[in-house]
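Here is the structure we will look at, set down as structure tokens.
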Amino acid sequence: MPNINYELIILARESMGITQRELAELLKEDQGKFSKIEHGLMEFPEEKSELLSTVLGYPDSFFRQSWKPIRVEGHYRKKVSLAVKVLKEYKAVMTLAEKHVSTLLDAVELPILNCPSWDVETHGSPELCAQYVRDFWRLPKGRILNITTLLEDNGIIPIELDLKEMDGFATFSKEGIPLIFINKNRPGDRDLFNKAHELAHFVMHFGKSISQERDIDKEANEFASEFLLPLKDIEHDLVKLSIPKLADLKRYWRVSMSAILKKAKDHGYLSPNQSEYLWKQMSKLGYRTKEPVITPREKATLLQEMFATYLQEFGYTKNELARLLEFSEDKLDEWYFDIQQNRLKIIKTFN
């Protein structure tokens with residue numbers, strides 16, 4: 001039986017938001033000794049392997065993989081200040097989810113990647129980029145009916161997870177597939193903007209030389225605003241704004257009142273006094289924290305269809321699927337489960 005992989009102890013621990021000291025206490029180990037274990041200087045005691053699995057909620061087989069985890073990398077939003085412990089937790093969760101996707105991809109074929117590239121310094125502003133992407137994907141005028149399906153149809157996989165304080169995160173799988181990790185607890189209007197924001201990083205920032213003076217989060221927000229609210233389509237509605245009118249516009253565009261108000265201000269459709277008045281009204285009514293008009297959340301289905309392929313087409317039980325992923329059934333349910341209608345082509349069968 002393989003020895004316990006100390007790197008996977010760290011990954012599992014971080015995914016649970018547990019510090020080294022806390023885990024050492026739970027395992028009734030001296031922290032100095034446990035530090036040596038986590039640095040690969042000592043073997044983890046076999047007699048405590050069952051306790052390790054119980055405490056962290058991962059099967060024993062998870063810790064005995066030879067896998068050397070490489071944490072996901074991508075663009076973090078500067079305005080989001082996260083404690084080191086919290087950021088490690090999110091990165092560990094996303095690293096595990098990326099591994100799960102890579103495992104599932106062994107037997108399914110995704111839609112062909114069809115994501116354009118744009119260099120802001122060469123081709124122009126984020127707004128021009130958003131217009132280009134809409135044209136590239138042949139989108140009609142007006143609102144985008146379902147940005148999640150749009151991403152999935154073009155080979156980008158949104159993965160919904162409980163990311164608590166983080167809105168979203170864009171990265172690539174080891175196979176080079178674009179992944180967007182999305183906080184599944186955000187309201188629908190914010191969810192749309194987050195997905196457009198992360199799309200912007202794929203189009204404008206990954207693989208590009210970015211000068212230090214550029215604010216890539218500001219660029220991504222400008223892209224998202226124009227992608228979801230094309231100025232030429234909404235400009236006639238940005239005059240004579242009021243709170244009721246903002247709510248009506250949100251109902252059609254499905255984007256937050258705040259985003260629409262900012263769009264109007266940024267493009268000169270409101271004077272500073274008008275803008276200040278409307279923002280004060282939004283605050284007075286409590287709309288800065290909870291807006292009226294509910295935008296239904298779009299459901300990401302591509303990952304669910306991958307699970308469905310194994311469960312329905314290949315005849316896996318949920319327990320077998322968990323074992324394939326070296327995961328627990330409980331965590332599988334907690335993280336992912338919502339099986340949808342399958343639309344993926346099988347490229348590998350099992351005897």
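Bear in mind that the values in this text are calculations on the coordinates, not laboratory data. As the structure is a computational prediction, the values presented were derived from the model and not from experiment. So basically every Cβ, Gly included, is an ideal-geometry build from the backbone, and we count neighbours across all protein chains shown.
Details
- Ranked from largest, the principal axis spans of the Cα set of region 71-228 equal 39, 38, 32 Å.
- DSSP beta bridges in the chain [antiparallel fraction, %, rounded to 5]: 60 percent
- Ranking of Trp279, Trp118 by count of other Cβ atoms within 10 Å, fewest first: Trp279, Trp118
- With neighbours defined as other Cβ atoms within 10 Å of a residue's Cβ, the residues Ile180, Ile70 order from fewest to most as Ile70, Ile180.
- 12 Å Cα-Cα reach of Lys265 towards aspartates and glutamates, excluding residues that sit fewer than 8 places from it in its own chain: Glu235, Glu276
- Sorting Val239, Val86, Val203 from the fewest to the most surrounding beta carbons within 10 angstrom yields Val239, Val86, Val203.
- Normalised by 2.2 N^0.38 Å, with N the number of residues, the alpha-carbon radius of gyration of region 1-69 equals 0.97.
- Candidate lysines for bridging to Lys28, where Cα separation is under 25 Å - those fewer than 8 sequence places away on the same chain excluded: Lys36, Lys48, Lys85, Lys88, Lys331
- ³J(HN,Hα), Karplus 6.51/-1.76/1.60, whole Hz, each residue of region 17-31, x for Gly, Pro: x, 10, 7, 4, 4, 4, 5, 4, 5, 5, 8, 6, 10, 5, 5
- Amide H contacts for Glu160 (H built 1.01 Å from N in the peptide plane; partners 5 or more residues away or on another chain; cut-off under 5 Å): Ile182.
- For the chain, built as a Gaussian network whose Cα springs stay under 10 Å, the top-fluctuating residue of Leu285, Leu199, Leu303: Leu285
- For Gly124, no residue 5 or more places off, or on another chain, has a built amide H under 5 Å of its own.
- Long-range HN-HN contacts of Phe172 with modeled amide H, under 5 Å: Glu73, Leu179
- Calculated from backbone phi, Karplus (6.51, -1.76, 1.60) coupling profile of region 125-133 in Hz, x at Gly/Pro: 5, x, 5, 4, 4, 4, 5, 5, 5
- The HN-Hα couplings worked out from phi for region 245-252 by the Karplus form 6.51 cos²θ - 1.76 cosθ + 1.60 (θ = phi - 60°) are 5, 4, 5, 5, 5, 4, 4, 7 Hz, whole numbers, x standing for Gly and Pro.
- Here is the size of region 1-140 from its Cα atoms: Rg then Dmax, 21.0, 63 Å.
- Listed peptides 89-99, 2-12 by packing density, highest first (mean Cβ within 10 Å): 89-99, 2-12
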